[in-house]
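What follows is calculated from the coordinates using simple rules that are stated; it is not laboratory data. Since we're looking at a predicted model, the values are computed, not measured. Because the Cβ atoms are built from the backbone with ideal geometry, glycine has one as well, and the counts that use them run over all protein chains shown.
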Amino acid sequence: MSLTGTPFLATLIALAVLALVLPLALWSRVPGPRPLRAAARLLMLLFAQVTAVALVFALVNNANNLYDTWGDLLGTGDHVQRADDLGADGKGGVNVDKLPKVRQTFRQAEGPGMHAAGGVRVTHVKGRVSGVEAEVYVWLPPQYDDPAYRNRTFPVVELLPGYPGSAKAWFGSMKAHEQLLPLMRSGEIAPFILVSPRTTLLPGRDTGCANVPGRVNADSWLSVDVPKMVMDNFRARPAPDGWAVAGYSAGGHCAAKLAVAHPDRYRAGVSLSGYNDPVAESGSLAARTPELRAANNPWMLLRKATVPPRTALYVSGQPHDGYEAGLALKEAAKAPTTVHVVRVPPNAGGHTMALWRPQVEPVFHWLTGLLGEGRTGSGTRDGNGDGAGSGATPPGRWSAGSTPAGPASGTASRAAAARTR
């Protein structure tokens, strides 16, 4: 039974109702000696508590897409088949452009939000470079199957969740495709292909989107294998001018790092409430050694770059939760790198989906200015970080119809996440 499926939730609801009815019906009717009656009543109370906790967990998990499978929850899922040392470029000497095309089989994805806005499809990808095997979710814009666009290619945004977090989160909790569909139809926002790959690759560990020989090649999975699969199967615009990467919390950290580390693969990166230093996420593999920390800290990468990367960053956050990290990146950036920093007001909600969901629209307006039709550089509208609205809160209703108390993936709201460097 799927952890996020309707049957599991319905079963928990039925058990919770039963747990309430049992004490009311049997409390005074339990037969036997006094110790036996006491034990039976205690078991009924424990049953009620366990079912209540399980039901609340299932509701919270479905609302925030924290754990996608039982393996994710129990820490038993391993999606790494091998983890070779792939070198500085993460390709291990492989000429990716010369690899034969692999046609994937896609199916309709299941779960909250997966059937909305035309539907999200999913496929299982075997990463030929990274050694990772995992699912990737894809949503196509409304123009993709329009005969008028049959000869057009489309820009791509790779979407990354926090940790723990499901690859479904941008479509489930964030409702990105539902928000963007009418705006793409009206032409207000460019038609993007949305791609969300699995980022939880090791049992109970955050990879930090890093390549760690012998453990995992998460960077190569996200920046090499997933883009290769998309280019093989869809009319996607080639990298780097047609590609961006976006994430929230731990995924925001990954997005900024990938965009800075690989300007040949991404033209832009979006970090919502992210951080720079990998130690902000407890247990991150990227924080295991000083060398890994430096190699996966976008601030350090910008400071040490002999040639500043041609990439644009959009960084939003509240004070002590992403905002200072954005200011540090902006201070370290040198042309042609650009950083657009957005300060989200403290009263907009905490480190939750309620904070990030209403940022989808302004983020994609910004991405349209960079990657939309006829725009391929990083110095376009708002791309320089100093245009109209730079440093200001973008328009949007921060509550977005959700409750500020809802939990969120990632741990960047902890004290450690206040680190900017």
For region 122-172, restrict the atom set to alpha-carbon positions and state the Rg and Dmax in Å.
14.1, 41
Let me know the charge dipole size of region 80-156 about its Cα centre in debye, to the nearest 20, where only the beta-carbon of Lys, Arg (+1) and Asp, Glu (-1) is charged.
300
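Relative contact order (percent) for the chain, with alpha-carbon contacts under 8 angstrom and 6 or more residues of separation?
Details: 920 pairs, mean separation 61.0, N = 421.
Worked out over the chain, it gives 14 percent.
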Ordered by residue, what ³J(HN,Hα) values in Hz, to whole numbers, does region 209-216 give under the Karplus form 6.51 cos²θ - 1.76 cosθ + 1.60, where θ = phi - 60° and Gly and Pro are x?
6, 10, 8, 10, x, x, 10, 6
Between the alpha carbon centres of region 1-38 and region 346-368 the gap in Å comes to 41
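Taking the Cα centre of the chain as origin, work out the dipole magnitude from +1 charges on Lys and Arg Cβ and -1 charges on Asp and Glu Cβ, in debye rounded to 20. Before the final figure, lay out the partial values.
Working: 42 positive and 31 negative charges, 85 e Å.
About 400 debye.
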Listed residues Ala218, Ala210, Ala52, most fluctuating in the chain (Gaussian network, C-alpha, under 10 Å):
Ala52
Output the 0 to 90 degree angle, nearest 10, between the alpha-carbon long axis of helix 6-26 and the longest principal axis computed from the alpha carbons of the chain.
20
Report P(r) for region 22-101: all Cα-Cα distances, bin width 5 Å, range 0 to the bin holding the largest distance, values in whole percent.
3, 11, 11, 10, 8, 8, 11, 9, 7, 4, 4, 3, 4, 4, 3, 0
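Let me make sure I get this right: for region 249-319, a, b and c are the square roots of the gyration tensor eigenvalues over alpha carbons, sorted descending. Under 1.5 in a/c it's rounded, otherwise prolate if a/b > b/c, else oblate. Which is it? Don't skip to the end; give the middle numbers.
Details: a/c = 1.93, a/b = 1.17, b/c = 1.66.
It comes out oblate by the Cα gyration axes.
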Furthest towards positive pole of dipole, His253, Pro35, Val136, structure part the chain, Cβ charges
Pro35
Taking alpha-carbon centroids only, region 308-324 lies from region 78-144 a number of Å equal to 27
Coarse-grained scattering of the chain at q = 0.06, 0.07, 0.13 Å⁻¹, given as base-10 log I(q)/I(0) from a Debye sum over alpha-carbon atoms
-0.25, -0.34, -1.06
Only helices counted: for the chain, with every DSSP H run of 4 or more residues adding -39500 (n - 2.57) and the sum spread over all residues, [θ] at 222 nm is -9500 deg cm²/dmol
Under the Karplus relation 6.51 cos²θ - 1.76 cosθ + 1.60, θ = phi - 60°, what is the ordered set of whole-Hz ³J(HN,Hα) values for region 187-199, x standing for Gly and Pro?
x, 5, 10, 5, x, 9, 7, 9, 10, 10, x, 4, 10
